[in-house]
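Visitor: I'd like to ask you about the structure that follows.
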Amino acid sequence: MYLNIANQQFDSNEIKQGNFTLEGDDFVDNILVFCFEWLNGKEEFTLQTSGSTGTPKNITVTRNQMISSASATIKILNLKSEDKALCCLNTDYIAGKMMIVRSLVADLNLWIVPPSAHPFKHPFLPHFDFVALAPLQVQSSLDVPSELEQIQSVKNIIIGGAPINSHLENRIIHQLEDVRVFMTYGMTESVSHIALKRIAEDSDQLYHTLEGVSIGQDDRGCLHITAPMTDFQKIQTNDVVQLINRDTFEWLGRVDNIINSGGVKIQVEKIENAISKILETMGYASVNLFIGGIPHERLGEEANLLIEGITLTENEKTVLINDLKAQFTKYELPKNIHSLGEFVKTDTLKIKRKETVQLFLENNES
């Protein structure tokens with residue numbers, strides 16, 4: 001196999017022998033060092049969590065965990081030696097790192113380009129059998145005709161890092177109908193994804209676990225995972241799910257996003273999805289938004305809608321709330337709507353909700 005890193009080609013056997021020169025470019029050098037260590041049998045690797053739901057932390061995973069994760073994905077997507085893969089995610093984090101590992105395990109030819117919103121802009125790229133993307137990269141690629149043509153030629157796409165809104169899901173279904181596209185469920189602690197959900201017209205909209213993964217729930221209704229990729233240790237998540245059977249579940253939201261307003265617990269993700277659909281009908285597609293808990297003297301906290309980059313008119317706010325009234329109880333409705341120029345995000349572009357709420361409160365005070 002070979003790796004094409006930023007349009008420079010490296011043979012895996014040469015990398016294993018150390019027959020390469022570090023470029024003085026952290027992007028290229030870090031990849032070469034990781035591949036050298038992997039190809040020479042290094043047993044443990046340190047990874048950093050994204051920090052979307054808390055302080056980023058370093059965790060150590062074993063070679064066998066990473067091989068188990070890679071092998072499960074290779075099997076379910078039927079990837080074969082000499083298939084072409086594209087890594088356009090940050091290789092310092094688990095999503096990008098595991099694209100490299102999957103290629104090394106399956107003997108894929110891998111192109112690696114620096115992370116950007118437009119991964120298919122590079123003229124030297126071939127047609128790919130396998131690509132991993134963030135939602136923003138999918139959206140951006142669908143918007144540019146030349147990039148749309150390239151993404152339509154991919155055989156398998158996995159999307160992760162953040163949920164997708166209904167507008168993007170509909171575009172994927174209709175514009176990528178000949179591509180197998182999946183949403184992923186996973187985290188650094190589970191060494192990338194442990195379940196996939198197909199995005200297609202006939203999809204059941206459920207996550208199906210990879211081979212060897214066992215799932216269950218705690219008394220909060222939150223998912224726990226035991227699998228070869230967790231070294232058979234039980235990983236307890238804060239994701240509220242509905243278990244359908246032993247290997248299928250529906251993701252409902254994060255327990256730490258639940259707002260307790262006067263004793264009423266509000267699961268915000270379903271409301272956020274409805275808001276995205278309503279805003280789409282108003283001409284605001286693919287807008288970043290979330291419902292956050294704002295401190296309230298009597299209720300403890302109050303549900304407020306925060307929107308990034310746009311300001312709704314008073315009439316638009318009224319239409320939005322009236323549409324929501326037909327779907328949700330009065331306790332679930334956002335009490336106020338606020339606009340922020342930009343949300344606080346992680347390096348992997350996940351929204352940091354608590355920090356964004358704090359930013360809003362600080363700006364409001366000033």
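The values are calculated or read from the model by the stated rules, or taken from the named source; none is laboratory data. Since this is a predicted model, take the numbers as computed values, not measurements. FYI the Cβ positions are ideal-geometry reconstructions off the backbone, even for glycines, and counts take in every protein chain you see. The accessibility values were calculated without ligands, DNA or RNA, using every heavy atom of the protein model including side chains. Shrake-Rupley method; radii C 1.70, N 1.55, O 1.52, S 1.80 Å.
Visitor: Within region 299-316, what residues put their amide N at less than 12 Å from the label point 7 Å along the Cα-to-Cβ vector of residue 322?
Guide: Once the point is set 7 Å along Cα→Cβ of residue 322, 315-316 turn out to lie under 12 Å by backbone N, inside region 299-316.
Visitor: Which of the listed residues, 337, 20, 101, is farthest toward the dipole's positive end in the chain, when Lys, Arg count +1 and Asp, Glu count -1 at the beta-carbon?
Guide: 337
Visitor: Label residue 296 and residue 59 with points 7 Å out from Cα along Cα→Cβ: what is the distance between them in nm?
Guide: 3.5
Visitor: Find out how many positive minus negative residues lie around residue 109, taking Lys and Arg as positive, Asp and Glu as negative, among other residues whose Cβ is under 13 Å from that of residue 109. Present the calculation step by step, with values, prior to reporting the outcome.
Guide: On the way: positive: 80, 84, 102; negative: 11, 82, 83, 107, 129.
Computed value for this residue: -2.
Visitor: Quick one: grab the alpha carbon gyration tensor of region 25-124, order the square roots of its eigenvalues as a ≥ b ≥ c, and give me rounded if a/c is under 1.5, else prolate or oblate depending on whether a/b is larger than b/c.
Guide: Working: a/c = 1.44, a/b = 1.08, b/c = 1.33.
Verdict is rounded for region 25-124.
Visitor: Quick one: how many Å² of residue 354 are accessible to a 1.4 Å probe, rounded to 10?
Guide: 150
Visitor: For 360, 20, give me the order by solvent-accessible area with a 1.4 Å probe, most accessible first, ignoring ligands, DNA and RNA. Could you put the intermediate results ahead of the total?
Guide: Values: 360 25, 20 50 Å².
In descending accessible area the options line up as 20, 360.
Visitor: Continuing with the same structure: Can you give the charge dipole size of region 137-178 about its Cα centre, rounded to the nearest 20 debye, using +1 on the beta carbon of Lys and Arg and -1 on the beta carbon of Asp and Glu?
Guide: Numbers: 2 positive and 6 negative charges, 25 e Å.
Using only the charged Cβ atoms, the result is roughly 120 debye.
Visitor: In whole percent, how big is the carbon plus sulfur part of the accessible area of the chain, probe 1.4 Å, protein atoms only? Each step should come with its number before you reach the end.
Guide: Working: 7820 of 17160 Å².
Within the chain, the accessible surface is 46 percent carbon and sulfur.
Visitor: For the chain, give the magnitude of the charge dipole about the Cα centre (Cβ charges: +1 Lys/Arg, -1 Asp/Glu; no others), in debye to the nearest 20. Could you put the intermediate results ahead of the total?
Guide: Working: 32 positive and 48 negative charges, 136 e Å.
Dipole of the chain, to the nearest 20 debye: 660 debye.
Visitor: Follow-up. For region 295-352, which trypsin sites (Lys or Arg not before Pro) pass both filters: DSSP loop (anything but H, G, I, E, B) and at most 12 other C-beta atoms within 10 Å? Can you show the working numbers first?
Guide: Working: sites: 298, 317, 325, 330, 335, 345, 350, 352; in loops: 298, 330, 335, 350, 352.
Here the trypsin sites (Lys or Arg not before Pro) that fit, given the DSSP loop and packing criteria, are 298, 330.
Visitor: So which chymotrypsin sites (Phe, Trp or Tyr not before Pro) in region 120-199 end up in coil per DSSP with only 11 or fewer other C-beta atoms within 10 Å?
Guide: Details: sites: 120, 124, 128, 130, 182, 185; in loops: 124, 128.
Sparse-neighbourhood loop chymotrypsin sites (Phe, Trp or Tyr not before Pro): 124.
Visitor: Here's something else I'd like to know. For the chain, which span is the longest to avoid every loop-located (per DSSP) member of GluC sites (Glu not before Pro) having at most 16 other Cβ atoms inside 10 Å?
Guide: Working: sites that count: 23, 43, 82, 177, 201, 211, 297, 342.
It runs 83-176.
Visitor: Show me the ranking of peptides 60-72, 90-102 by mean Cβ neighbours inside 10 Å, starting with the highest. If you can, show how the numbers build up before the last one.
Guide: Values: 60-72: 19.5, 90-102: 23.1.
The most tightly packed comes first, giving 90-102, 60-72.
Visitor: Okay, moving on. Can you put 81, 276 in order of accessible area, largest first, using a 1.4 Å probe? It would help to have the intermediate numbers written out before the result.
Guide: Working: 81 65, 276 20 Å².
Solvent-accessible surface, decreasing: 81, 276.
Visitor: Among 288, 159, 221, flag the residue with its Cα farthest along the positive direction of the charge dipole of the chain, charges on Cβ as +1 for Lys/Arg and -1 for Asp/Glu.
Guide: 221
Visitor: State to the nearest 20 debye the size of the charge dipole of region 111-231 about its Cα centre, where the only charges are +1 on K and R beta carbons and -1 on D and E beta carbons.
Guide: The calculation lands at about 220 debye.
Visitor: A further question follows. How much solvent-accessible surface does residue 167 expose, in Å² to the nearest 10, with a 1.4 Å probe and all protein chains in place?
Guide: Accessible area of residue 167: about 40 Å².
Visitor: Would you mind checking 277/335; 57/354; 197/350; 277/352; 234/277; 155/354 for any pair whose Cα atoms are more than 28 angstrom apart? Kindly include the intermediate steps, with their values, before the conclusion.
Guide: Working: 277/335 19 Å; 57/354 17 Å; 197/350 20 Å; 277/352 22 Å; 234/277 36 Å; 155/354 38 Å.
Checking Cα-Cα distances, 234/277; 155/354 exceed 28 Å.
Visitor: Solvent-accessible area per residue for the chain at a 1.4 Å probe radius, Å²?
Guide: 47
Visitor: A further question on this structure: Once label points are set 7 Å from the Cα along Cα→Cβ at both residue 124 and residue 44, what is their separation, rounded to one decimal in nm?
Guide: 3.7
Visitor: Stretched out fully, how many nm does the piece from residue 218 to residue 246 gain, at 0.36 nm a residue minus the Cα gap? Present the calculation step by step, with values, prior to reporting the outcome.
Guide: Working: separation 28, 0.36 × 28 = 10.08 nm, distance 1.46 nm.
Going from the current span to full extension adds 8.6 nm.
Visitor: Shifting gears a bit: Along Cα→Cβ, 7 Å out, is where each label goes; now give me the distance between the ones at residue 30 and residue 143 in nm to one decimal.
Guide: Going from the residue 30 label point to the residue 143 one covers 2.6 nm.
Visitor: So how much slack lies between residue 13 and residue 78, counting 0.36 nm per residue of separation and subtracting their Cα-Cα distance, in nm? Show your work: numbers first, answer last.
Guide: Values: separation 65, 0.36 × 65 = 23.40 nm, distance 2.44 nm.
Contour length minus the Cα-Cα distance gives 21.0 nm.
Visitor: Here's a follow-up. Whose amide H sits under 5 Å from the amide H of residue 345, counting only residues 5 or more places off or on another chain, with H placed in the peptide plane?
Guide: The answer is 352.
Visitor: Here is a follow-up. Match the structure shown to one of the listed values (i) 33, 23, 21; (ii) 40, 28, 20; (iii) 37, 23, 20 of semi-axes √(5λ) of the Cα gyration tensor in Å, computed from it, and give that label.
Guide: Structure-derived value, by its label: (iii).
Visitor: Then there's this: Which whole-angstrom value gives the distance between the alpha carbon centres of region 33-96 and region 326-366?
Guide: If we compute the Cα centre of each part, the gap is 32 Å.
Visitor: Quick one: order 146, 190 from most to least accessible surface, probe 1.4 Å.
Guide: Working: 146 80, 190 0 Å².
Result, largest first: 146, 190.
Visitor: For the chain, what proportion of DSSP beta bridges, expressed in % and rounded to the nearest 5, is antiparallel?
Guide: Working: 44 of 67 bridges.
Just about 65 percent of them are antiparallel.
Visitor: What is the gain in length, in nm to one decimal, between residue 344 and residue 233 on full extension, counting 0.36 nm per residue of separation less the C-alpha to C-alpha distance? Show your work: numbers first, answer last.
Guide: Numbers: separation 111, 0.36 × 111 = 39.96 nm, distance 3.25 nm.
That works out to 36.7 nm of additional length.
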